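Inspection log for the structure reproduced underneath, given as structure tokens.
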Amino acid sequence: MPSIKAFVFDAYGTLFDTYAVAAAVEHAFPGRGDYLTHVWRQKQLEYSWHRAAMGFYEDFAVVTREALLYALATTGVKAAEDVIDRLVSAFDRLALFPDAALMLDTLSGYRMAILSNGSPEMLQALVRHAGVESRFERLISVDARRTFKPHPDAYRCAVDALGLAPAEIVLVSSNGFDIAGARRFGLRTLRIERVSASALGAVLADPQHVDARAMFMALRSQLESHGGIPDYTCMSLQEFAVLAPSILAESNP
């Protein structure tokens, strides 16, 4: 097995908190922010999969807008274009997860990149807003191959951009579909288990109180049953920062 030479991170949901848009959504649509935020994110992912399957590519900004329009339509709400524009642009200003900031401080000497569904413009705005432009060797967008994760060509973008073999790259992601796609392509994988199975079970214990957030956690926080087991699992990016040197040492005997 080749030595590990780079860590490549998913952006949305792994480094950056997609739920950070909820305050803006709630401000625009009082009382519906939580529901709309979770439906929006779910449809954002589904629409990327639809487009990848149909070979009908538009960049992630278009997908994000389409998904928001779907979420609003489920409530019968009609919003002005400037409100839609403002909410879509909130994806350019997502907050870093606190453990992401700590991890980037610790691993600043390592070869690291982002591989994301986000368009190049979205990714540049995202890292600039978070002040972490200098932390990554490359911001790799699937736009280069005009498809979305988990299509194999999406992961080929990382191989092309870094000039490495798939097995020399570890994809770090909290998204089960991303782990599954990367494994099938041949990348090594490290899962950030932000919501454990037991924690999810506790949330869902009372079916009378399963809300939109709980449903989103159930659909998005767990490994896919067809995806296999990742090479490594950590509960947080901070834990990953502690383990990264031993992961590299293990692969470079």
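Read the figures in this text as sums done on the coordinates, not as results from a lab. Everything numeric in this text was worked out from a predicted model, so none of it was measured. Neighbour counts are summed over all protein chains in view; Cβ atoms, including those assigned to glycine, are modelled from backbone coordinates with ideal geometry.
Provide the gained length on full extension for the span Asp153 to Met54, in nm with one decimal, where the gain is 0.36 nm per separating residue minus the Cα-Cα distance.
Length gained between Asp153 and Met54: 34.2 nm.
Could you please state, rounded to a whole Å, how far the C-alpha centre of the range 162-240 is from the C-alpha centre of the range 73-123?
If you average the Cα positions of each part, the centres end up 18 Å apart.
What ranking do Phe56, Phe7, Phe148 get, fewest neighbouring Cβ atoms within 10 angstrom at the top?
With the sparsest Cβ surroundings first, the list reads Phe56, Phe7, Phe148.
Straight-line reach from Lys149: which lysines fall under 20 Å, measuring Cα to Cα and dropping same-chain residues less than 8 apart?
Those lysines meeting the cut-off are Lys43.
If amide hydrogens are placed 1.01 Å from N in the peptide plane, which non-local residues have theirs closer than 5 Å to the one on Arg32?
Distant-sequence amide H within range of Arg32: zero hits.
Running a GNM on the chain with Cα contacts under 10 Å, which residue among Gly227, Gly176, Gly31 ends up with the highest mean-square fluctuation?
Highest fluctuation among the options: Gly31.
With charges set only on the Cβ (+1 for Lys and Arg, -1 for Asp and Glu), what does the dipole of the chain come to about its Cα centre, in debye to the nearest 20?
Value, rounded to 20: 340 debye.
How would you rank Thr18, Thr37, Thr106, Thr74, going from fewest to most other Cβ atoms within 10 Å of each one's own Cβ?
Values: Thr18 22, Thr37 26, Thr106 16, Thr74 11.
Ascending number of Cβ neighbours within 10 Å: Thr74, Thr106, Thr18, Thr37.
Give me a comma-separated list of calculated 3J(HN,Hα) values for the range 220-225, in order, Karplus coefficients 6.51, -1.76, 1.60 applied at θ = phi - 60°, integers in Hz, x for any Gly or Pro.
Values per residue, Gly and Pro as x: 10, 9, 10, 5, 6, 5 Hz.
Please identify which residues in the range 130-150 have an amide N closer than 12 Å to a label point set 7 Å out from the Cα of Val62, following the Cα→Cβ vector.
Those under the cut-off are 146-147.
Using modelled amide H (1.01 Å from N, peptide plane; none on Pro or chain starts), what sits under 5 Å from the amide H of Ala6, excluding residues fewer than 5 places away?
Correct list: Val170.
With each label point set 7 Å from Cα along the Cα-Cβ vector, what nm distance links Ser89 and Leu102?
3.4 nm
Fewest to most neighbouring Cβ within 10 Å: what's the order for His209, His151?
The most exposed by this proxy come first: His209, His151.
Using θ = phi - 60° and the Karplus form 6.51 cos²θ - 1.76 cosθ + 1.60, what ³J(HN,Hα) does each residue of the range 41-48 get, whole Hz, x for Gly and Pro?
Per-residue couplings from phi come out as 5, 4, 6, 4, 5, 4, 5, 5 Hz.
Taking the Cβ-Cβ separation of Lys78 and Ser225 as r and a Förster radius of 35 Å, what is the calculated FRET efficiency to the nearest 0.05?
Calculated transfer efficiency: 0.35.
Taking amide hydrogens as modeled 1.01 Å from N in the peptide plane, which residues meet the under 5 Å criterion relative to Leu115, leaving out close sequence neighbours?
Placed amide hydrogens put Phe9, Asp10, Ala11, Ile140 under 5 Å from Leu115.
Which one, Ala202, Ser116, Met215, projects farthest toward the positive side of the charge dipole computed for the range 100-253 from Cβ point charges (K/R +1, D/E -1)?
About the Cα centre, the residue reaching furthest to the positive side is Ser116.
With θ taken as phi - 60° and the coefficients 6.51, -1.76 and 1.60, list the Karplus ³J(HN,Hα) couplings across the range 106-112 in order, rounded to whole Hz; mark glycine and proline as x.
6, 9, 4, x, 8, 7, 9
Would you mind computing, in nm to one decimal, how far apart the modelled labels at Ala202 and Glu250 are, each placed 7 Å from Cα along Cα→Cβ?
Simple spin-label model gives 2.7 nm for this pair.
Going by alpha carbons, how many degrees (0 to 90, nearest 10) lie between the helix axis of 176-185 and the longest principal axis of the chain?
Approximately 40 degrees, to the nearest ten.
Does anyone have the angle between helix 120-130 and the longest principal axis of the chain? Alpha-carbon axes, 0 to 90°, nearest 10?
It works out to around 90 degrees.
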